[in-house]
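The values are calculated or read from the model by the stated rules, or taken from the named source; none is laboratory data. All figures in this text were calculated on a predicted structure; none of them were measured in a lab. All Cβ positions, even for glycine, are placed from backbone atoms using ideal geometry, and neighbour counts span all protein chains on display. All accessible areas refer to the heavy atoms of the entire protein, side chains included, with ligands and DNA or RNA removed. Shrake-Rupley method; radii C 1.70, N 1.55, O 1.52, S 1.80 Å.
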Amino acid sequence: ASFPLLCFRSPLVTPLIFGLLLQAPFTQPSTITQPNFVLFLADDLGIGDVGCYGNDTIRTPNIDRLAEEGVKLTQHIAAAPLCTPSRAAFLTGRYPLRSGMDAINNYRVIFWNAGSGGLPPNETTFAKILQHQGYSTGLIGKWHQGVNCESRNDHCHHPLKHGFDYFYGMPFTLISDCQPTETPEMDRAFRRKLWLSTQMIGLITLTAVLGRLTGLISVHWKTLTCLAGFSLLFFISWFSSYGFVRYWNCIMMRNHGITEQPMVTDRTTSLILRESISFIERNKHKPFLLFLSFLHSHTPLLTTEKFLGRSRHGLYGDNVEEMDWMVGQVLDAIDKEGLKDSTLVYFASDHGGWLERHEGERQLGGWNGIYKGGKAMGGWEGGIRVPGIFRWPGVLPAGTVIDEPTSLMDIYPTVVHLAGGAVPQDRVIDGRDLLPLLRGAVAHSEHEFLFHYCGIHLHAVRWHQKDTGAVWKAHYVTPIFSPPGAGACYDRGFCPCFGEGVTHHDPPLLFELSKDPSEAKPLSADTEPLFDTVIGKIGRAIEEHRRTLAPVPEQLSVSNVVWKPWLQPCCGTFPFCWCDKEGDN
């Protein structure tokens, strides 16, 4: 049947075929049904740590290649400056306080696998929508959105309850406690207080016993027994959790099953890479979503021997270069399977680099380039401005740079719409579909205002004045750097969101980011004629935004973040939790 068509010389058919051939290279997204998605999300990576964002000493050729072949966003903003809330916003397209995933206290992230808080079951992630659209959905790497609610195996917060068909990785987050040779990181100051209290109680008990034996103190043996019992119970009450952090938090899971408890850190990187490539190979014949949530570049900076000592930035630089190599390996797997043109690739970080993280002279945190502040700081750019790169050959113009305000929350509607789904209509979605902006169909981002929270506390607001192109930012609360002028909270290890460690500004500090991206020169009514107009406009936007907020259960309340032994994931019979199924294989 095809031969007669080739020989058919109708004057109508020839121009039609010629026109179709001309149009072929310019693929329209509407004709590509359900592209694959590969989403890379780094952990604690600073915007200044990547070559295509200005770093000329840490080598990131694979991430840089993504930018050369795609679109680079220079004003890509995380919805929170810490892991748990930022990732909740990424997954749901909503500010984290809408789901109860931002803190009302100093416990600002999920602290234990055995806590009861986490991403609520009634939240709809983009993975869940894609699952309903027929996608194979996989999460490899870090989760940090909780595990259980009421029992050890209810898995109410688990990735498989939130739209992922397959999960391999850490339900928690990488911490230095996972590496036996490293100084413990988790709740370090609080642990010191507990040790000191235990020693003091023990010393009081011992002194009382010696006093009774020598006759210097008249006290009943029954009282001493009760005191000794209290000392022992106090010690057990906290050491049963903090004394075994590596066993309770540093675990690896495949779907609902634990594969390593504690994790064997020497092989974690190779296993995560193997699982990522395997997921692509298994699902190459149908649409898939791969969310590769890196453990890099969070402390303790797990780095294989091949990359140790390779960079000019010590262990941190080695770790970033290894992550870039992993990106390259996954991209090679996509190419090998012939999926490059049908796969949208995205790379970002969950928030800014951790400036205060160091051990002695070793700097273990990232660099945020020209931007002030870092991880845990909800308002300053260094805590929330992150790399953002998209690649989709034939659809997104290569080598494009966009300096418009965008958000990690925008991934949600962008991915959902491309997959043929619809965003939920029964809740506020704060993200915006980025495809028109990425393709150059529109000149400006849909975001007029972005609200920058630290926990549940609003620290700053940015206004994108579209008619002039100006980007204004008003700071209502800023952390007090310690020591003064240091640019971070080195004395605390983290900058707080409220209390004595912050300054409230009335009138707020105002910056024009389009002219002063480093936030070095605050404007005032005396120096900026539009000061009152801008502050008034932002103030009205805050009022309107607050009317959209509804009370929800606080997932990071103290009662939800404390360790509950009956919720502890356990490979064995609790408390004897140990296994190495990867080693057995």
Which of the following residues is open to solvent by 20 Å² or more (accessible area, probe 1.4 Å) and among the hydrophobic types (A, V, I, L, M, F, W, C): L160, L130? L160
Is there a residue being surrounded by 24 or more Cβ atoms within 10 Å (Cβ to Cβ), within 19 Å of the chain's Cα centre (by Cα) and at pLDDT 95 or above anywhere in segment 420-436? yes
For segment 331-350, give me each residue that is closer than 19 Å to V50 by Cβ and part of a helix (DSSP H, G or I). L331
Somewhere in segment 170-181, is a residue small (G, A, S) and modelled with pLDDT of 95 or more? no
Of everything in segment 305-324 that's closer than 17 Å to G51 by Cα and open to solvent by 70 Å² or more (accessible area, probe 1.4 Å), which residue is nearest to the chain's Cα centre (by Cα)? H313
Which condition number does M200 fail, the rest of (1) at negative phi; (2) free of Cβ contacts under 8 Å to residues at least 40 places away in the same chain; (3) open to solvent by less than 30 Å² (accessible area, probe 1.4 Å); (4) not charged (D, E, K, R) being met? (3)
Residue, farthest from A103 (Cα to Cα), within segment 369-418, restricted to residues that are assigned to a helix (DSSP H, G or I) and more than 17 Å from the chain's Cα centre (by Cα): L418
Over segment 276-289, the set of residues open to solvent by less than 10 Å² (accessible area, probe 1.4 Å) and part of a helix (DSSP H, G or I) is S276, F279, I280
When you go through D410, D403 one by one, which is the residue that is of a type in the set (D, E, K, R) and open to solvent by 10 Å² or more (accessible area, probe 1.4 Å)? D403
Among L227, L273, L292, L302, which is aliphatic (A, V, I, L, M), part of a helix (DSSP H, G or I), surrounded by 13 or more Cβ atoms within 10 Å (Cβ to Cβ) and in contact with a Ser or Thr (Cβ under 6 Å, 6 or more places away or on another chain)? L227
Just checking, how many residues over segment 286-329 are of a type in the set (V, I, T) and touching a Pro at 6+ places or on another chain (Cβ under 8 Å)? 0
Out of curiosity, is G369 open to solvent by less than 10 Å² (accessible area, probe 1.4 Å), small (G, A, S) and either touching a helix residue (DSSP H, G or I) at 6+ places or on another chain (Cβ under 8 Å) or at pLDDT 95 or above (or both)? no
Out of all the residues in segment 456-475, is one or more closer than 24 Å to L41 by Cα and among the hydrophobic types (A, V, I, L, M, F, W, C)? yes
Testing L301 on (1) touching a residue at least 24 places away in the same chain (Cβ under 8 Å); (2) farther than 19 Å from E361 by Cα; (3) not small (G, A, S), one condition comes back false. Which one is that? (2)
Residues within segment 448-487 that are more than 18 Å from F511 (Cα to Cα) and either under 21 Å from the mean Cα position of the chain (by Cα) or assigned to a strand (DSSP E or B) (or both), tallied: 5
How many of the residues in segment 273-325 are within 26 Å of L91 (Cα to Cα) and of a type in the set (G, A, S)? 4
